[in-house]
1. Select from segment 48-100 the residues that are modelled with pLDDT under 95 and among the basic types (Lys, Arg) and list them in ascending order.
2. Can you name the residue in segment 182-223 that is of a type in the set (A, V, I, L, M) and within 14 Å of Leu125 (Cα to Cα) and, of all such residues, is surrounded by the fewest Cβ atoms within 10 Å (Cβ to Cβ)?
3. Give, as residue ranges, the helices (runs of 4 or more DSSP H) completely inside segment 1-73 that count at least 2 residues that are aliphatic (A, V, I, L, M) and exposed (fewer than 15 other Cβ atoms within 10 Å of the Cβ).
4. Show the residue pairs meeting these rules: Cβ distance below 8 Å; 6+ apart or different chains; first residue within segment 344-359 and touching a residue at least 60 places away in the same chain (Cβ under 8 Å) and of a type in the set (S, T, N, Q); second residue open to solvent by less than 80 Å² (accessible area, probe 1.4 Å) and assigned to a helix (DSSP H, G or I).
5. Considering each residue of segment 315-365, count those that are in a loop (DSSP other than H, G, I, E, B), under 24 Å from Asp217 (Cα atoms) and either open to solvent by 40 Å² or more (accessible area, probe 1.4 Å) or β-branched (Val, Ile, Thr) (or both), and give that number.
6. Among the residues of segment 92-133, which ones are open to solvent by 20 Å² or more (accessible area, probe 1.4 Å), free of Cβ contacts under 8 Å to residues at least 60 places away in the same chain and touching a strand residue (DSSP E or B) at 6+ places or on another chain (Cβ under 7 Å)?
7. State all residues of segment 345-366 that are farther than 17 Å from Lys389 by Cβ and either touching a Cys at 6+ places or on another chain (Cβ under 7 Å) or of a type in the set (Val, Ile, Thr) (or both); if no residue qualifies, say none.
8. Can you name every residue in segment 157-171 that is within 28 Å of the chain's Cα centre (by Cα), farther than 20 Å from Leu362 by Cβ and either open to solvent by less than 20 Å² (accessible area, probe 1.4 Å) or modelled with pLDDT under 90 (or both)?
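The values are calculated or read from the model by the stated rules, or taken from the named source; none is laboratory data. Only a predicted model underlies this, so the values are computations on that prediction, with no experimental measurement involved. Don't worry about glycine lacking a Cβ; one is built from the backbone with ideal geometry, like all the others, and counts go over all protein chains shown. Ligands, DNA and RNA are stripped out before the accessible areas are found, and what is left, the full protein with its side chains, is counted by its heavy atoms. Shrake-Rupley method; radii C 1.70, N 1.55, O 1.52, S 1.80 Å.
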Amino acid sequence: MSCCRELDIKSSGELKELFKLMGVNPGGMNIMIPKGRFRTILLKELKPVPANILKQECLAVGAECALHQRSITHEVDTTDALIMATDDQYLRIINHLQRQPFGISSIGKKLDTLIFETVNNHVKLAHGKTLDLSRGTIVMGVLNLTPDSFSDGGSYTTKESALRRAEEMIREGAGIIDAGGESTRPGASDVPVGEEMDRIIPIVEGLKDISPVISVDTAKPDVAEAALKAGAHIINDIFGFRKNQRMARIVNRYGAGAVLMHIQGTPRTMQENPRYRDVIGEILGVLEESVQIAIDEGITKDHLIIDPGIGFGKDLRHNLDILLYLREFLALKIPVLVGASRKSFIEKIDGSHVMERLGGSLAAAVTSVLNGASILRVHDIKETVQAVKVIDEMKRNRA
């Protein structure tokens, strides 16, 4: 019996496998695969002249490009451009743009990087380590060394209790332990440098022999340097190098990995009516600035991880949009980390207490992995590891 259905094709590789199952001629496959992947790409704030040339190049190859209706008459200073085309059409558009004036060749380079460059799967870390993301999702275990963190503050304030918890998380499948000595919950106050060091450094020294990878969650360059000297591999900076660029210089000096997070405001102020016109676009723009700071200080992109910052200056709708459209952050070609575990946006949906948010946390984790996350920062290790193993197997089966 014949049937008709719309296929959810995620990659050229999937299209090739389908052609093989159908018995399509190999020569025909090579012709048709670039035509079988359709993409919609948004370019922000182009001047009218290059925007209109771009539109003409798109139309010339049978693609579409939407602009502001008044861009043709130059009645607007800038216009966004929404391109709708197949991979084959993008190849021809890019080739044509590279020969155009008015800075249009740079648009072609951006499109080429976005469409045809792959996301880095091997992150270089301090002390000669490499984080291999090609084998599946990595779970990062949260180790709060603070008395006032929103979830388990006060639970691991001694070296013995903290290291016991770290060992437990490693047994349950955590590939990274992320130790933090300063709470970044909404409304939190700064902790003095010396006090934060006293909390973190003994733990990092104790983790050296038991943890696969040690991350330190800090916004203070002096704490970061001491932690790297003590054996840490990654610095997790909630300000993404934008608060103090000395942090980038320290990361570069030690060859460390860095998590660059987005935050609107500071922990003290971030939840005071956060606003965005285009939440994904604005976060992506700020993260791009953080990446550029890293590059300017000599850090190559293969040392970087980005984090859109669930709950850091975002309301419920913003957080849900990040999870739903997470794949758009892969435009930077840098692995994405998501930390949604036990956060208050879950409470805003179902009223749950912080210790009763496992179901919501797992839903966010699974959605994140399906939408492109490579690393999950979580409190509930065992349950999350099991969930992502299932998702990773589904993705491998699809590939």
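1. Once the filter is applied, which keeps residues that are modelled with pLDDT under 95 and among the basic types (Lys, Arg), segment 48-100 yields only Arg99.
2. Val213
3. So the answer is 12-22, 48-60.
4. Matching pairs, first to second residue: Ser344/Val354.
5. 2
6. Hits for segment 92-133 are Thr130, Asp132.
7. If the condition is that a residue be farther than 17 Å from Lys389 by Cβ and either touching a Cys at 6+ places or on another chain (Cβ under 7 Å) or of a type in the set (Val, Ile, Thr) (or both), then Ile346, Ile349, Val354 are the ones that fit.
8. Selection gives Ala162, Ala166.
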